[in-house]
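Read through the structure below, which is laid out as structure tokens, and then see the notes.
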Amino acid sequence: QVQLVESGGGLVQAKDSLRLSCAASSGTLSTYAIGWFRQAPGKEREFVAAIGWNGGRTYQTDSVKARFTISRDNAKNTVYLQMNNLKPEDTAVYYCAARPLVASMSRHDYNYWGQGTQVTVSS
């Protein structure tokens with residue numbers, strides 16, 4: 001079992017950058033794939049990016065491929081989401097989630113979730 005804590009959100013302007021972190025407050029992330037999802041008001045939670053347990057495979061949704069990068073540092077028990085060239089449509093609560101070993105783009109495949117961090121991008 002693992003408990004996840006997201007950090008790094010905030011209010012920024014369009015074209016700015018943010019780096020979100022997903023850390024384990026208990027347990028270790030090294031045997032888990034981590035996914036990032038986001039949920040805007042009135043919308044369903046959607047997939048953003050995911051990374052396998054050893055960082056060997058990554059996935060990103062098309063709308064962020066050229067702008068967001070997911071990475072992990074298992075020695076620091078942390079997964080990162082580097083977000084560049086942010087747009088107002090990126091505004092949402094961002095969640096990280098964990099599942100054993102292999103990454104998935106479906107939120108239904110993840111067992112553990114953090115509480116989320118708010119990202120607001122002004123135009």
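The values are calculated or read from the model by the stated rules, or taken from the named source; none is laboratory data. The structure displayed is predicted, hence computed values, not measured ones. Cβ placement follows ideal geometry from the backbone for every residue including glycine, while neighbour counts extend to all protein chains displayed. All accessible areas refer to the heavy atoms of the entire protein, side chains included, with ligands and DNA or RNA removed. Shrake-Rupley method; radii C 1.70, N 1.55, O 1.52, S 1.80 Å.
Dividing the C-alpha radius of gyration of the range 60-123 by 2.2 N^0.38 Å, with N its residue count, gives 1.20.
Simple spin-label estimate for residue 67 and residue 122 gives 1.8 nm between the two label positions (7 Å along the Cα-to-Cβ direction from each Cα).
Plainly put, the range 1-89 has a radius of gyration that is 0.96 times its Kirkwood radius, both from alpha-carbon atoms, as the Rg/Rh ratio. Rolling a 1.4 angstrom probe over the range 1-75 with all protein chains present gives an accessible area of which 44% lies on carbon and sulfur atoms.
3J(HN,Hα) along the range 62-79, derived from phi through the Karplus expression 6.51 cos²θ - 1.76 cosθ + 1.60 where θ = phi - 60°, amounts to 4, 5, 10, 3, 7, 10, 10, 10, 9, 8, 9, 10, 5, 5, 9, 6, 9, 10 Hz, with x in place of Gly and Pro.
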